[in-house]
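Participant: Provided herewith is a single structure, encoded as structure tokens, for subsequent inquiry.
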Amino acid sequence: MIEGLARAHPGAPIDLIGKPWLADLFSGESWFGATHELVPPWTRTHGKYRWWKSEWRQYTRQLFALRKTHFDLLVGIRFDPREVVQLRLLNAARRCGVVGAGGKAWITDPVTVAPEDYYGSYRAEYSALAIEQLTGRKQESCPRLKVDDAARAAALAKLRAAGYQGGTIVCVHNGAGNPIRQWRASSFVTVLESVRTLSPFVVLIDDGIDACGPRIDRPRSLRSTVWKSDLAGLKALLSVANVLLCCDSGVMHIGAACGCHVAAIFGPTSPQAFFPRGRAHQLIMVEPMDCRPCLDSCIYSRPICMDGITEDAVCKALQRAIVESTSV
């Protein structure tokens, strides 16, 4: 979506409104303007509408502060009436939103999409369609993130200092925004041990946030290290890595956008809407699963969509990803 806007408005700075890590994530992009923090409490997994909580007071302060900034065009294309209300509350000459979500009178540049098309399509494909409606230009639907040569060189130097001497780099991340989407940490170790004949260098990504996922022990039979950095550093790492083994998460999308071959473990989320496109990524999931997608609200005592994923299935997917990444 942002690439399409940058092509349609060359030289115009594009500001980002949202969570505080946006500046790190999009560092190095030529279109980058500024970031404005605005975190709606309804983006939380639980307790979205506890109006008395501090998150709502903070959101109100952020909203009123941001109203002092005038924008030429605000773009918010989620099929969500809350998004349209938020667009209306901010200060802009033009507003681009989804007319089917409500608030038609507030939208100057409408995006027309049916609810079933929105919820059943891959998010990047939907974004490309929305930008074509807004700008009249076709846009590639495979996201890409840019990493400069200096950042890539710094990442490789950090890996060499940790023992990397060449060969395949396999990054591993078992975090997810909701514990339902996390796989067994002990099983990751078993999977990594299974590919020792391929001699990869294993990089365990540490978010520094305990809630993101239980810690994975370093495999004894493989060269390995633990990676800690901000999002800009993570982008650099994933741009030099060959493979990313992960659960369905934001790191999965960053890895795919940086050029990694992704082997992703999917549970409750719709792969049609969220599995990365662009190359021969490996999808690991239990089928059939009639309750998918469940929006991270499991109807069982345990998430059977994740518990049912076997180590053997993940081993085979990781092996395929390694072989394919080294044959390109």
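The values are calculated or read from the model by the stated rules, or taken from the named source; none is laboratory data. A quick note: this is a predicted structure, and the numbers were derived from the prediction, not measured. Because the Cβ atoms are built from the backbone with ideal geometry, glycine has one as well, and the counts that use them run over all protein chains shown. Heavy atoms of the whole protein, side chains included, go into the accessibility calculation; ligands, DNA and RNA do not. Shrake-Rupley method; radii C 1.70, N 1.55, O 1.52, S 1.80 Å.
Participant: Of the conditions (1) modelled with pLDDT under 95; (2) assigned to a helix (DSSP H, G or I); (3) open to solvent by less than 40 Å² (accessible area, probe 1.4 Å), residue 59 clears all except one; give me its number.
Facilitator: (1)
Participant: Quick one: residue 10 ticks every box in (1) over 20 Å from residue 63 (Cβ atoms); (2) touching a Gly at 6+ places or on another chain (Cβ under 9 Å) except a single one, so which number is it?
Facilitator: Unmet condition: (2).
Participant: (1) open to solvent by less than 20 Å² (accessible area, probe 1.4 Å); (2) touching a residue at least 40 places away in the same chain (Cβ under 8 Å); (3) within 17 Å of residue 318 (Cα to Cα): which one isn't true of residue 264, the others all being true?
Facilitator: The number of the failed condition is (2).
Participant: So, in the range 213-251, of the ones that are among the β-branched types (Val, Ile, Thr) and not in a helix (DSSP H, G or I), which residue ends up surrounded by the fewest Cβ atoms within 10 Å (Cβ to Cβ)?
Facilitator: Of the range 213-251, the ones among the β-branched types (Val, Ile, Thr) are 216, 225-226, 240, 243, 251.
Filter once more, keeping what is not in a helix (DSSP H, G or I): 216, 225-226, 243.
On the way: 216: 22, 225: 15, 226: 13, 243: 28.
Per the criteria, the residue is 226.
Participant: So, in the range 298-313, how many residues would count as being open to solvent by 70 Å² or more (accessible area, probe 1.4 Å) and touching a residue at least 12 places away in the same chain (Cβ under 8 Å)? Steps first, answer last, please.
Facilitator: Of the range 298-313, the ones open to solvent by 70 Å² or more (accessible area, probe 1.4 Å) are 299-302, 304, 310, 312.
Keeping just the survivors that are touching a residue at least 12 places away in the same chain (Cβ under 8 Å) gives 304.
Residues that pass the stated criteria total 1.
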